[in-house]
1. How many residues are within 16 Å of the ligand (Cβ to nearest atom) and either among the aromatic types (Phe, Trp, Tyr) or more than 23 Å from Val162 (Cα to Cα) (or both) if we restrict to region 379-421?
2. If you take the residues in region 237-249 that are under 16 Å from Ala316 (Cβ atoms) and more than 7 Å from the ligand (Cβ to nearest atom), which one is surrounded by the fewest Cβ atoms within 10 Å (Cβ to Cβ)?
3. Within region 1-40, work out how many residues are among the aliphatic types (A, V, I, L, M), surrounded by fewer than 11 Cβ atoms within 10 Å (Cβ to Cβ) and either modelled with pLDDT under 95 or closer than 17 Å to Phe433 by Cα (or both).
4. I'd like the full set of residues that are more than 15 Å from Tyr267 (Cβ to Cβ), more than 19 Å from the chain's Cα centre (by Cα) and among the polar types (S, T, N, Q), limited to region 303-338.
5. Tell me, please, whether a residue that is assigned to a loop (DSSP other than H, G, I, E, B), more than 29 Å from Tyr424 (Cβ to Cβ), hydroxyl-bearing (Ser, Thr, Tyr) and more than 16 Å from the ligand (Cβ to nearest atom) can be found in region 77-94.
6. Of everything in region 355-378 that's aliphatic (A, V, I, L, M) and within 16 Å of the ligand (Cβ to nearest atom), which residue is surrounded by the fewest Cβ atoms within 10 Å (Cβ to Cβ)?
7. Tell me which residues, restricted to region 160-202, are at positive phi and within 12 Å of the ligand (Cβ to nearest atom).
8. From the list Gly225, Gly210, Gly230, which one is closer than 19 Å to Pro308 by Cα and among the small types (Gly, Ala, Ser)?
Amino acid sequence: MAYVLDDFMAKVVAKNAGELEFHQAVHEVVESVIPFIEENPKYEHGRILERVVEPERVLMFRVPWLDDTGDIQVNRGFRIEMNSAIGPYKGGLRFHPTVNLGILKFLAFEQVFKNSLTTLPMGGGKGGSDFDPKGKSDNEVMKFCQSFMLELSRHIGPNTDVPAGDIGVGGREIGFLFGMYKRIRNEFTGVLTGKDLNWGGSLIRPEATGYGTVYFAENMLNFKGDSIKGKTCVVSGSGNVAQYTIEKVNDLGGKCVTLSDSGGYIYDPEGIDAEKLAYVMHLKNVKRGRIKEYADKYGVEYFAGQRPWGVKCDVAFPSATQNEINEDKAKLLIANGCFVVAEGANMPSVPEAIEVYLKNKILYGPAKAANAGGVAVSGLEMSQNSLRLSWTREEVDERLFNIMKSIHETCVKYGKESDDYVNYVDGANIGGFVKIADSMLAQGVV
Ligand code: NDP
């Protein structure tokens, strides 16, 4: 009996009511893999699809903490341990007021396939809290992180579950979380990635997601005999992923002309060069200011409350958050000449936007392939921690480059269509699925 997409999704929706982003992420994967499963019925007999959409474990907990006025605040903490077929759960923590169970389940689900694509032995997980670090003092962020870790520490470990950063969780937060874990457990281990270099971090980890996304775009372009050199790029967001995307585009001879945050976007037609990027890094990572200040400093235009998808470009790097490109914006991008979309953010394009990309046969690198560089270098950080060694910057960057190349090859292998167009959505979904599914079959009904 073959799977019917709508019937399968109806069960997922009924079982996970109201978790819209999770439904969206599952639909995208299942749509790609059903035809593949029809050709390989062992996966249906093993009920891999039914198993893979059900998290192995969901943890949800209270996070009480004292703010600077002495008042008690209460947030909700989560960790989704989605799939451990090929390694310990691995995936970031997100601190953002929009965080809820459905968003973290979508991220954990995507992470399973992404981690599989990296070729490294990592299962999939994700976690976080509805805590908003914006506007909080360092002291408040520390108190929150300590309370969060007090509970999370029971469930994680270097061979069990290894969290990292995501939106709202950068070097500062990883430091507070690591310090508390070490104190509670009285052990110094690689339980988190994204650590500072002085205490077990890896070179290139901060850069990895942005660099990797640009490497993936370069691979897609090279496959067509083209390259980033000379291309005009539009970038959304102005956090970790956006910053290092711009750095690598500049390295490869392209030009980025936009940056955004939740307030709006700036358009700098001259391009965001190394000096301007250093200003952005200070503004966002130290001063924790708003992107509008860039427009004031450099005398460029600022568009309040808008996203940058109407700006003319060759390449788009959505690097802020989920569902930031809708169908109309996808059409607008293509009408303005954009022919490459490489997703630094997770699921930034709604399903209708993806349909527009595929219909127009542009080079579309979906998140689970294009932004896998971050978790790949997290995997390399875990390896270095286990070996108690640190690799050089060049060594890590070369490994990252080769992993992105191998992910591209996997996508081509599973996604090339009869007219030679590479459907990277199918390529990434099927390529990620095979390794997980085979491992689950080998391990029996567990
Ligand atoms: P940061 O917190 O460093 O930056 C996030 C940026 O996106 C900020 O500029 C933020 O603006 C903006 N943003 C966040 N939410 C919204 C929203 N709802 N609407 C508009 N803008 C928003 O996060 P990262 O750069 O680490 O993450 C960005 C994306 O990349 C996420 O989708 C994340 O899941 C994905 N990703 C990150 C990885 C990593 O290694 N860090 C790995 C793989 C994927 P503001 O400050 O105003 O909120």
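The values are calculated or read from the model by the stated rules, or taken from the named source; none is laboratory data. Every value quoted in this text rests on a predicted model; they were computed, and no experiment measured them. When we count neighbours, we look across all protein chains shown, and the Cβ atoms used for this are built from the backbone with ideal geometry, even at glycine.
1. Qualifying residue count, region 379-421: 0.
2. Taking the candidates together, the pick is Lys248.
3. 2
4. Result: no residue meets the conditions.
5. No, region 77-94 has no match at all.
6. First, the residues of region 355-378 that are aliphatic (A, V, I, L, M): 356, 358, 362-363, 367, 369-370, 372, 375-377.
Subsequent filtering for residues that are within 16 Å of the ligand (Cβ to nearest atom) retains 367, 369-370, 372, 375-377.
Working: Ala367: 23, Ala369: 32, Ala370: 32, Ala372: 31, Val375: 27, Ala376: 29, Val377: 30.
Selected residue: Ala367.
7. Step one: of region 160-202, the residues at positive phi are 168, 186, 194, 200.
Scanning region 160-202 gives Gly168, Gly194.
8. After applying the criteria, what remains is Gly210.
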